[in-house]
Amino acid sequence: MSDFLFYPGRKGFFAFRYPEVATALILLAFAIVFSFQTGAPFIVPDPENTGFIGLRYSFPLGMGAIWLGISFLVYKRRQMRGEGDADIAARNKHHAIQALLYFVTFSAVMWLHFNIKLWGPLINPRRYDQFYQCIDEALAPILDLAFEARDWVAMRTGDHVDSWYLLTFAFMFFISFAWHLFRNREALRNVFLAILFIEALGPLSYLIAPAAGPFLYGNGQNLVALINEQAMWEIRGLILQQGPDWIAAYGDRYLSAGLAAMPSLHAGASYIFVHYAAKYRTPLLPAYLVMYGWILIEAVASKWHYLIDLPAGIALALFCIWLSNRFCQVEQEARPESFRA
């Protein structure tokens, strides 16, 4: 049993075989404690509701299912090429099971992520918006550059630029996983674990010094974001007024409506994609740098985030990258040679 959970002959936390399973279970334990503490129920989203991001809840799950299907096709193709080779067949079976494990654990972590985020005002109702706004005011010239850059792009692209922020973020997710699936299995493992870690630590980090967002002090340049921000702020007030009863009654429609600005997981998670694109020297890097620059600009120009949220999100990403690298290093050293291709 010990060899099933830990690599034989290796000691310590990083010798654990299934960090993705452990991550999901640890986050579940936190969620159970928070649910017991606040009385907030676990919410299963209504798949027919679009929520506040302009996309159905089934969209990211559907993208994950497509990626999973592609994974199995790739492994099947490799298995056919290596027919009769027991090592290749075992490796392909391992990779197929791993892809299924990725899908299950990532889906579970994201479901817990949004539940905890929605419960946030009940767990820690304090807000540090005024403090973060003071930092923004002190760094106003930097914000002005972001606003001017956003205006320059919007004047040349039209109103549909308002949807680029979340779509760019979703695109980086899917393309990164798909690219590394075909080109480099070790890179895929690195990227996946780092992203899983930041999505699990994210809702916990939101509770440390919470903030709603700079839209409280003025409208941003993104009309779609402004409508969403105001609606999410109203929902936060309803949760504080009515408590768990409101979540039980309406949470299935508004699971993605949890309001949390600090830290910026959009800045953090997308930094992870840029980091590994540079580390593994993929041709995605130039496009990723452009997209990442846009995400940073739009994060503050749309008033989703205070300026300080961005480095805080990147700092969390750096920790998750370090954590992922340590797990992957131990896994690679303990893995049979036939499983490394």
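What the table below lists for this structure:
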item	result
Estimated vicinal HN-Hα couplings, Hz - segment 165-176 in sequence order (Karplus 6.51, -1.76, 1.60; Gly, Pro = x)	4, 6, 5, 4, 4, 5, 4, 4, 4, 5, 5, 4
For peptides 288-296, 123-131, 24-32, sequence by mean Cβ density within 10 Å, most packed first	288-296, 24-32, 123-131
Length gained when the stretch Glu137-Ile208 is fully extended (0.36 nm per residue, less Cα-Cα span)	23.3 nm
Residues with amide H under 5 Å from that of Met262, placed H, sequence gap 5 or more	Ala211
Overall dimensions of segment 239-341 as given by Cα atoms, namely Rg and Dmax in Å	18.8, 58
Derived scalar couplings ³J(HN,Hα) [segment 20-35; Karplus, 6.51 cos²θ - 1.76 cosθ + 1.60; whole Hz; x for Gly, Pro]	5, 5, 4, 4, 5, 5, 5, 5, 4, 4, 4, 4, 5, 4, 5, 5
In order through segment 247-261: 3J(HN,Hα) via Karplus (6.51 cos²θ - 1.76 cosθ + 1.60), integer Hz, x for Gly, Pro	4, 4, 7, 10, x, 5, 8, 10, 4, 8, 8, x, 9, 7, 9
Computed lengthening from Thr157 to Leu100, 0.36 nm per intervening residue step minus Cα-Cα distance	16.6 nm
Euclidean distance of C-alpha centroids, segment 270-309 and segment 94-158, integer Å	12 Å
Relative contact order (%) - criterion: Cα under 8 Å, at least six apart; region: segment 202-336	35 percent
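The numbers here are math on the coordinates, done by the rules we state, and not lab data. The structure displayed is predicted, hence computed values, not measured ones. Neighbour counts are summed over all protein chains in view; Cβ atoms, including those assigned to glycine, are modelled from backbone coordinates with ideal geometry.
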